[in-house]
Each structure stands twice: as structure tokens, then as C-alpha cells.
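> This is the structure I have questions about; it appears just below.
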Amino acid sequence: MNKNIIQVSDLTKRYGEILAVDHINFEVEKGEVFGFLGPNGAGKTTTIRMLTGLSRPTDGGASILGFDINSQIVQIKKYIGVVPETSNLYDELSAFDNLLFMAQLYGVSLKERKEKVEESLKTFRLHERKNSLFRTLSRGMKRALTIAAALIHNPKIIFLDEPTVGLDVVAARSLRNLISNLRQQGMTIFLTTHYLEEANLLCDRVAILVKGRILVIDTPQSLKAKTDKKSLEEAFMKITGLESEVLAIEKGK
Amino acid sequence: MKKENKMWRDNLRGIFYIALKDIKTYYFKPPAVSWGIVFPITWILAFYLRSPGSFEELVPGLIAMTILFSTTAAEAVVINFELRIGSLERLLLAPISIAAVLLGKVLGGVIFGFLMTTIVTIVSVVMLGLHPNVCYLILIIFTSLFAFSSLGAFLCVMVKEVFEAQTLLNLPRFLMVFLSGVIYPVSKMPLILQCFSYVLPLTYTVEGLRISFSDISGRIIFPYTLMLMGFFLLFILPAIRLLSKKFE
């Protein structure tokens, strides 16, 4: 049996003259934390948008849980949860109502709905703020609630787009613990991040994407060993060629 | 077959909960209530005070205006604001079609419009002692609610920003108030304006409502409801296409 839960083949996205994602190929295994790394504008978010049905590929495709993203995206959406880069729940609804709405939208049964929402609020330590409007929550709480919303229907895969951006140290750490817990529960996690130490800590494998093309896919340990660097950040700089750019800038000073 | 049924059920559930969420989040707020009910009443009163006569004759126009303004009162916010802040994307991530998302938005306007129109109609009927044909009234109100809510959705998906949508919405709204027989009967307009008024959906609402409130028996309402259903399709189908294009 194929253990790949996501299979991407020749996935391409073009916006006019700009090739945002250029014929990329990769697989994600069941239960894996797969990191998608790259500088700004590398095509990380565009790839997530195509895999989650928010954007149509110009060419190529992918299958998620055996469903084709070009023709069976509605079926795919039942089994995935998505946490976008910016928390986009409803400002005028309370934490409880936001989760309840998501449960209703995803068809969580009437019996389970309220119980599931309560449980979720407790898991994410938001129970005391359950009646607070979304707009009144702190950034960390908003992020946690957005993740809770993405998990309310028990998805098999979760897509996390820059989950810790803008969070303080404590909130980011608590979020990383949460991702680790999800991984232990066997969930497949597709993660994009700018923070390479975060990727080093969390990811089983990472893909490095530059200008829409995948340069390398490997484990963080192997990347460090192959580039003879101590940290994933240094390995990333070397692989992407950013190391020489930084050196040139420093010399210019 | 079973799979298709399940998909239909998912879509219907999505439409219902999106509408409910929009009503809870946006509709019962002062701006929507003001546009939906206060504005039409003020207008009609202003016209009545300028040339007092039989207020009963203005009732179909008042109801028509309430339908028009209440269904479209918050659609710019419901669609364009959510598009801008990314909340609409959250709906599109759910396992329902784009058409279901947009129909949910339209249904929100319909429900709010129905509540506002019911208040205005009941108050008018009771205060003026009118005896409308209730079946006709319900038919014409419902088809109008769907036609105007889909008109609002269509205009909103054509533009990006909330203020652009509001400006764009005002053009047909005011054009229809003047040319659809709300205040001035279509039959007394110059011929060219009469022809133009029959391109506007509000004309069919006003005419349909006049029939519902008139004593003349034998006049049928179905041509008007059919026209309004046609307008609903005319607006909703391109609106779905436009929204889908935004996410290509």
C-alpha cells in the first residue's frame, strides 16, 4: 500500500509572466511533519493554496489521500485542516461561536458539536475566554483558536502556513509543543516556516524552495551533514546561495 | 448517487450555516437596519409629505424599497470585507462548493430582507386596514428577495473593496427607485423610460405588489414572479462564475 498521503507531480502556477511555482515534485508520508522552507516569494503559500483548493494549478497536479486536487477538491477538503498565515476567523463572533460555526460547516454531528467545541477550547487553554469576541483575544490566542478551528473536524492532514509568525517566545513555544503533540497523535503536518530552528525541531523532512523550484528534499540532519554545517539555518544559506549574497553585502560595508 | 446526495446535503448545510453566521455577525447592526428599514420609510414619508394623497398607493412602493434596500444592506460587508480580510477563504476551505458559499451569502440577505419586509408589510396592512391577497404577496416578496439579494452579490463580486461595492450598489438602487414605479407610476412616464423600466427587476416587484393589494380579480401574478426568478438566475450564475475566477 502506498504510504504517501500527499503526492505532488509537476505542480505549476503561473501568474501572467511570473512563474510562482515551477513544476515541483514531492511526496509526504502519512504521519510525517514535512517542512516547506524558502525565502519570501519562493512559492510556499502558493503551493499550499493549490493543495487546499484556494487556487487552481496552471499545470500538473497532486493527489491527497488518493483524491485529485484538480477534480476532487471538495472531497479532499473534508480531510484537511488549514491554518493560513493570518488568523482569519470572525472578529464579531466569540471564541466558542467561531468554533461552533466551523463544526457546523464541516458537518460535525449535532450530538458531538458542543462537546467537541468545549473540549477543543480546553485543549487550547481558551476555555476561560470562550465568550470573548475573537477581536479581543491576544495574537497568540487568536493563533491557537485558528488552529483549533482547523482541527475541529478531526482532519488527517493539517497545513500550517507560518504558524508562529508574530508570536512572542512563550506563545511560539506553546504552539510548537502543540504541533509536536499532533505529530504524536499520528497527524500528517505540512508546515511552512521562516524559522529554520523551528523546522529543525519539528520536521522529519524539509523541502527547500527557491523561486518556485525545489532545490533539495531531505531530513534536517542529513542536510546539515551534507553541507558540513552545524545548524539548519547555515545549511539553508549555503543551499540557497544566500550565504554568498550575505558575504557580498558584508564586504560592501 | 449516494455520493451526490451527500454532496448536496453538505452544500445545503453550508448555505444554511453561512447565512445564519452572516445574520448574527453583520445584519442586525445599526447600518444594516438603517439601510434596510429606516431609509425606505424616510423616503416614502418625504414623498408623501411633499404631495399628500392616498398613502395606500405608496404601500407597494414602500414594501418594494424595503425589499431592495434590506437584501442589499450588508452584502458589501458580507462579501467584499470578508474577501479582503481573508474570512471568505475560510469558507472556501470547507467541503462545499463556491456556489454554496455564495448562495449562503445571498440567503443571509434574503432572511434579513424577509424580516424587515414582514415588519413593514404587517404595520402597513394593520394601520391602513388593507386586505391584500396573501398568497400573491408571499410569492412576489420571496422571488423579489432572491432577485435583489443575488443582484447585490453579483455587483459585490465584480469589485474588490467595500466602498467600491457600496458605490456600485447605489447606482441601480437609486435608478430603480425613480424608474420602477415606486413613487411615480410607470404608465405615466415617457415611452422610452417605460421601455427602460421593464428592464429593471424592481418594476416587476412594484407591479406584482400592486396586483397583490388591488381588488381587481383575474390579474395573475405569475408572469411577474417568473420574471423575478429569471433575474435571480441572471445575477447569481455570473456571480458564481466571477467568484470562482477570483480563486483561479
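> Setting aside same-chain residues fewer than 8 positions from B:K246, which lysines have a Cα under 20 Å from its Cα?
Cα-Cα hits under 20 Å: A:K13, A:K44, A:K77, B:K105, B:K160.
> Right, next: Compute the FRET efficiency between B:Y198 and B:E56 as 1/(1 + (r/R0)^6), taking r as their Cβ-Cβ distance and R0 = 25 Å, and round to the nearest 0.05.
Taking R0 as 25 Å, the efficiency between B:Y198 and B:E56 is 0.55.
> In addition: List every residue whose amide H lies under 5 Å from the amide H of A:A62, counting only residues 5 or more places away in sequence or on a different chain, with H placed 1.01 Å from N in the peptide plane.
A:S9, A:I69, A:N70
> While we're on this one: Mind checking which of B:Y224, B:F247, B:F142 is farthest towards the positive end of region B:106-248's charge dipole, using Cβ charges of +1 (Lys, Arg) and -1 (Asp, Glu) about the Cα centre?
My answer, from the dipole projection, is B:F247.
> For the protein assembly as shown, would you read off the P(r) tail past 30 Å as a percentage of all alpha carbon pairs?
55
> Now for a separate question. Using 31 Å as the Cα-Cα cut-off, could you pick out the over-long pairs in A:K156/B:K29; A:K78/A:K238; A:K3/A:K78?
On the way: A:K156/B:K29 38 Å; A:K78/A:K238 39 Å; A:K3/A:K78 20 Å.
Beyond 31 Å between Cα atoms: A:K156/B:K29; A:K78/A:K238.
> I've got another one for you. What number do you get for region B:44-90 when its Cα radius of gyration is normalised by 2.2 N^0.38 Å, N = residues?
Against the empirical 2.2 N^0.38 Å value, I get 1.82 for region B:44-90.
> Can you quote the Å³ per residue value for the convex hull of the Cα atoms in region B:93-162, rounded to an integer?
109
> Would you work out which of A:L191, A:H153, A:I73 lies farthest towards the positive end of the dipole of chain A, given +1 charges on the beta-carbon of Lys and Arg and -1 on that of Asp and Glu, about the Cα centre?
A:H153
> Over region B:148-229, how many percent of alpha carbon pairs lie in each 5 Å bin up to the one with the longest distance?
3, 14, 21, 20, 18, 12, 7, 3, 1, 0
> Take B:S214, B:S244 and order them by how many other Cβ atoms sit within 10 Å, fewest up front.
So the residues, fewest neighbours to most, are B:S214, B:S244.
> OK, next. Please compute, for peptide B:15-26, the average count of beta-carbon atoms on other protein chains lying within 10 Å of each residue's beta-carbon.
Rounded to a whole number, the mean comes out at 3.
> Grab the other residues whose beta carbon is less than 14 angstrom from that of B:G36, score K and R as +1, D and E as -1, and report the net.
My count for the surroundings of B:G36 gives 0.
> Apply the Karplus parameterisation 6.51 cos²θ - 1.76 cosθ + 1.60, with θ equal to phi minus 60°, to every residue of region B:144-149 and state each ³J(HN,Hα) to the nearest whole Hz, in sequence, with x for glycine and proline.
Whole-Hz 3J(HN,Hα) from phi for region B:144-149: 5, 4, 5, 4, 6, 5.
> Just round it to a whole percent: the fraction of Cα-Cα distances in region A:87-224 exceeding 17 Å.
Numbers: 5859 of 9453 pairs.
In whole percent, the long-distance tail amounts to 62.
> So if I place +1 on the C-beta of Lys and Arg and -1 on the C-beta of Asp and Glu, and nothing else carries charge, what would the dipole magnitude of the protein assembly as shown be about its Cα centre? I want it in debye, nearest 20. Mind showing how you got there, number by number?
On the way: 55 positive and 43 negative charges, 121 e Å.
My answer is approximately 580 debye.
> Can you tell me the FRET efficiency between A:V165 and B:V123 if r is taken as the Cβ-Cβ distance and R0 is 45 Å, rounded to the nearest 0.05?
The computed FRET efficiency comes out at 0.30.
> Where does each of A:K130, A:K77 land when they are ranked from fewest to most other beta-carbon atoms within 10 angstrom?
With the sparsest Cβ surroundings first, the list reads A:K130, A:K77.
> Can you list residues from other chains, or at least 5 along the same chain, whose modelled amide H is less than 5 Å from the amide H of A:F36?
Excluding prolines and chain starts, which carry no amide H, the hits are A:L191, A:T192, A:T193, A:A207.
> Largest first and in whole Å, give the semi-axes of region A:1-60's equivalent ellipsoid, each being the square root of 5 times a Cα gyration tensor eigenvalue.
21, 13, 10
> For region A:105-253, give the share of DSSP beta bridges that are antiparallel, in percent and rounded to the nearest 5; count only bridges with both residues there.
50
> What's the whole-number percent of alpha carbon pairs in chain A lying beyond 24 angstrom?
Summing the P(r) of chain A above 24 Å gives 50 percent of all pairs.
> When the distances between all Cα atoms of region B:1-82 are binned every 10 Å from zero, what whole-number percent does each bin get?
So the P(r) values, bin by bin, are 16, 32, 23, 17, 8, 3, 0.
> Taking each pair of distinct Cα atoms in region B:1-144 once, what is the resulting Kirkwood hydrodynamic radius in Å?
16.7
> Return the aspartates and glutamates within reach of A:K122: Cα separation strictly under 16 angstrom, same-chain partners fewer than 8 residues apart disregarded; answer none if there are no such residues.
Partners within reach: A:D97, A:E112.
> To the nearest 10 degrees, how steeply does helix B:98-128 sit against the main Cα axis of chain B, on a 0 to 90 scale?
Approximately 20 degrees, to the nearest ten.
> If you take the charge dipole of the protein assembly as shown about its Cα centre, with +1 on Lys and Arg Cβ and -1 on Asp and Glu Cβ, which of A:S222, B:T42, B:H131 is farthest toward its positive end?
A:S222
> Add +1 for every Lys or Arg and -1 for every Asp or Glu among the other residues with Cβ under 11 Å from the Cβ of A:D228, and state the total.
So the surrounding residues net to +4.
> Turning to a different aspect of this structure: For A:T86, what residues show an amide H to amide H distance below 5 Å, using hydrogens built from the backbone and excluding near sequence neighbours?
none
> Just for the protein assembly as shown, what percent of DSSP beta bridges are antiparallel, to the closest 5?
55
> Placing one identical point scatterer on every Cα of region A:178-253 and ignoring solvent, what is log10 I(q)/I(0) from the Debye formula at q = 0.16, 0.25, 0.27 Å⁻¹?
Values, matching the q order: -0.64, -1.20, -1.30.
> Now for a separate question. Reachable aspartates and glutamates from A:K230, Cα under 13 Å, same-chain residues fewer than 8 places away excluded?
Answer for A:K230, where 13 Å is the Cα cut-off: A:E197, listed by chain and number.
> So how long is each side of chain B along the principal axes, counting just the alpha-carbon atoms, biggest first, in Å?
Result, largest extent first: 55, 41, 36 Å.
> Additional query: Can you compute the charge dipole magnitude of region B:56-136 about its Cα centre, using +1 on each Lys and Arg Cβ and -1 on each Asp and Glu Cβ, nothing else charged? Give it in debye, rounded to the nearest 20.
Details: 3 positive and 5 negative charges, 55 e Å.
The calculation lands at about 260 debye.
Rule-based calculations on the coordinates, nothing more; no lab input. Please read all numbers here as calculations on a predicted model, not as lab measurements. Because the Cβ atoms are built from the backbone with ideal geometry, glycine has one as well, and the counts that use them run over all protein chains shown.
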